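K.L.:
Submitted below is the structure of interest, expressed as structure tokens.
The values are calculated or read from the model by the stated rules, or taken from the named source; none is laboratory data. Since this is a predicted model, take the numbers as computed values, not measurements. A quick note on method: Cβ atoms are made from the backbone with ideal geometry, for glycine too, and the neighbour counts reach across all protein chains shown. When the accessible area is computed, the model is the full protein with side chains, heavy atoms only, and any ligands, DNA or RNA have been set aside. Shrake-Rupley method; radii C 1.70, N 1.55, O 1.52, S 1.80 Å.
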Amino acid sequence: MSTHNHEHHISTAGQLWAVGTTLFILTIITVVVAKFVAIPPPFDVVTAISIALIKAFLVAAFFMNLYWDVKFNAMLLIMAVIFFLLMISITLLDTMYRNDVVPSF
Amino acid sequence: MANHSTSHPTHVHHHFVDSDQQFDTAKLGMWVFLVNEILFFGGLFCAYIIYRAWYPELFQMAALELNTFWGAVNTVVLIGSSLTVAMAIRSAQKDQMKGLKINLLITIGLALVFMVIKGFEYAHKFELGIFPGEYYTYEGIDHPQAAIFFSIYYMLTGVHAVHVLIGIGLIYWIYLRAKKGEFSSEYYTPVEITGLYWHLVDLIWIFLFPLLYLIE
């Protein structure tokens, strides 16, 4: 870190456009799959979320520059996702195993 | 490039060793804030997951009221704005101040397009009587808990839209600073950090779109 600017990755315009174009194509794919391909549940949701995760990875890695960045920042994002999954799991352990759904909810 | 720890450029605050340390520190701070944002939206996504697990048929029926076409257009608009923000940062890194300003303006334009489309979507629902919570009066969905889907819809998209509005303000502020010539390849930290925020707004929408509009 002693020399200036050597660590700042500069993406080429071509790289950025490639990522953007991939995101556009994935958006079209997710719409077409959801509207015109009959996937039995729950795999329709699994497919939609998988495509969204690929898109999220591309944005985080190449638009937010995590791929070239200090690894600590990537760890922060991964920790956020882990704690989010923890929050959902623990909540679902309650809500999915109630005898009666709370009235009016 | 010369080592700046001795020559201390004007943008470096006195408590930082050099420009790089200041840059990395600012970025780390922004990422900690983004973690907080993810968990903040996480609570709303959690509500979505619980209710979808409880009432899967409601989500299928209610999602038909949402217009997939405009949702997809807004997805493309937001991804496009993420691309222009990335291009803006690249311009700043390469000392292309004109490119920086143009890309920031395009980003603001795309964000406004997003808000206008969202506004039309909301207006259409309000006409039908689709309001959140107890104000819900729409008769078109045959389900006793129909209002719940739209309460979740309005919370998720509403909070997201507030983030878009804040983003527009931030990017305009960055644009004004760029106009004053405050940025260069040596110092573009605010551009980078505002960019991170904007990409997160895009990230959230990448999940909102399939979860709300694409339920079949």
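K.L.:
Collect the residues in the stretch B:144-176 that are farther than 20 Å from B:ASP202 by Cα, open to solvent by less than 10 Å² (accessible area, probe 1.4 Å) and small (Gly, Ala, Ser), keeping them in residue-number order.
P.N.:
B:ALA146
K.L.:
Considering only the stretch B:70-102, state which residues are more than 9 Å from chain A (Cβ to nearest Cβ) and among the hydrophobic types (A, V, I, L, M, F, W, C).
P.N.:
Scanning the stretch B:70-102 gives B:TRP70, B:VAL73, B:VAL77, B:LEU78, B:ALA88, B:ALA92, B:MET97, B:LEU100, B:ILE102.
K.L.:
Another one. From the list B:GLU127, B:GLU182, which one is part of a helix (DSSP H, G or I), away from every other protein chain (no Cβ under 14 Å) and open to solvent by 40 Å² or more (accessible area, probe 1.4 Å)?
P.N.:
From the options B:GLU127, B:GLU182, the qualifying one is B:GLU127.
K.L.:
Could we say that B:PHE209 is under 27 Å from B:PHE69 (Cα atoms), away from chain A (no Cβ under 11 Å) and over 11 Å from the mean Cα position of the chain (by Cα) here?
P.N.:
It is false that B:PHE209 is under 27 Å from B:PHE69 (Cα atoms), away from chain A (no Cβ under 11 Å) and over 11 Å from the mean Cα position of the chain (by Cα).
K.L.:
Would you pick out the residues in the stretch A:30-80 that are part of a loop (DSSP other than H, G, I, E, B), under 21 Å from B:THR25 (Cβ atoms) and not hydrophobic (A, V, I, L, M, F, W, C)?
P.N.:
A:ASN65, A:TYR67, A:ASP69, listed by residue number.
K.L.:
Sticking with this structure for a sec: Which fully enclosed helices (runs of 4 or more DSSP H) of the stretch B:1-71 have 3 or more residues being at pLDDT below 95, within 27 Å of A:ALA60 (Cβ to Cβ) and of a type outside the set (D, E, K, R)?
P.N.:
It comes to B:19-54.
K.L.:
Filter the stretch B:25-38 for residues that are under 15 Å from B:ILE193 (Cα atoms) and open to solvent by less than 40 Å² (accessible area, probe 1.4 Å) and give the result.
P.N.:
The answer is B:ALA26, B:LYS27, B:MET30, B:TRP31, B:LEU34, B:VAL35, B:GLU37.
K.L.:
Taking the stretch A:22-46 only, how many residues are of a type in the set (Ser, Thr, Tyr) and facing chain B (nearest Cβ under 9 Å)?
P.N.:
Residues that pass the stated criteria total 2.
K.L.:
So, one more: For the stretch B:133-143, state whether one or more residues are among the charged types (D, E, K, R), open to solvent by less than 40 Å² (accessible area, probe 1.4 Å) and part of a helix (DSSP H, G or I).
P.N.:
no
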